[in-house]
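Undergrad: What follows is a structure written as structure tokens; I'll ask about it next.
What follows draws every value from the coordinates through simple rules; no lab data is involved. Here the structure is a predicted model, which is why all the values come from computation and not from measurement.
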């Protein structure tokens, strides 16, 4: 009876693992396909049926992609903007979430509802108004364009909601004890809230980094200097060039290189991301 019981209990696990493996392969197939094709020449890239074996153009394609259109400079620009937005948006979201939970002020509930309503307004529908505002502030020039790329994205309704829900799950006795001990708001934030909020901070930071890294429309509208452009706009230009010249291996190599920074951020913060959404409050 023991072997039969063992078979009955373990078979569903094998089926579950098999299903998860198939899903992972399907999700990761576009990246695997791009990796393989980035090592091939033009004929192999466009061959039908597709050739899924690595080619011999690995060094040529990646070196040409790296030296195309200030590619390294644009990667640095995008990394700088993504880090600034990630840090600034996380800080403002943390302070806003703390204010909505631990401070009493008029219309607090109505203001929080207003913050949530802004989730229904994507940035794309605000492009014209935002462009006029940035021009009025004279941030569209080459010297100040970093402000135009960072400042409009320092507020986050999603981040405010996440921190507000996280702080709401912290027992109120903790704040009362800190207040009795004479800790002010900043001391309470630094000594108590921050140490127990790193998972939420890491999760929001990862989301915002990837969001900024993938921005295309706003940089395309606001940046006029090619040397100060962001990487997604550059990838579009490389794709157009590949379409004209037929050099798709270089375009795919550039896309693979551009995907490395967000991939590293995801790998570094994935545990925080998973744990932040696993937090529950014991009732």
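Undergrad: For every helix of n ≥ 4 consecutive DSSP H residues, a contribution of -39,500 (n - 2.57) applies; sum these over the chain, divide by its total residues, and give [θ] at 222 nm rounded to the nearest 500 deg cm²/dmol. If you can, show how the numbers build up before the last one.
TA: On the way: 14 runs with 198 residues, N = 283.
Calculated at 222 nm, the ellipticity per residue is -22500 deg cm²/dmol.
Undergrad: While we're looking at this one, here's another question. Give the Cα extents of the chain along the principal axes, in whole Å, largest first.
TA: 80, 72, 30
Undergrad: Alpha carbons only, please: Rg and Dmax for the stretch 173-283, in angstrom.
TA: So, for the stretch 173-283, Rg and Dmax equal 21.5, 71 Å respectively.
Undergrad: Can you classify the stretch 1-112 as rounded, prolate or oblate using the Cα gyration tensor, where a ≥ b ≥ c are the square roots of its eigenvalues, rounded means a/c under 1.5, and otherwise it's prolate if a/b beats b/c and oblate if not? Don't jump to the answer; show the numbers that get you there.
TA: Working: a/c = 3.87, a/b = 1.16, b/c = 3.34.
Oblate shape, in that a/c is at least 1.5 and b/c is the bigger or equal ratio.
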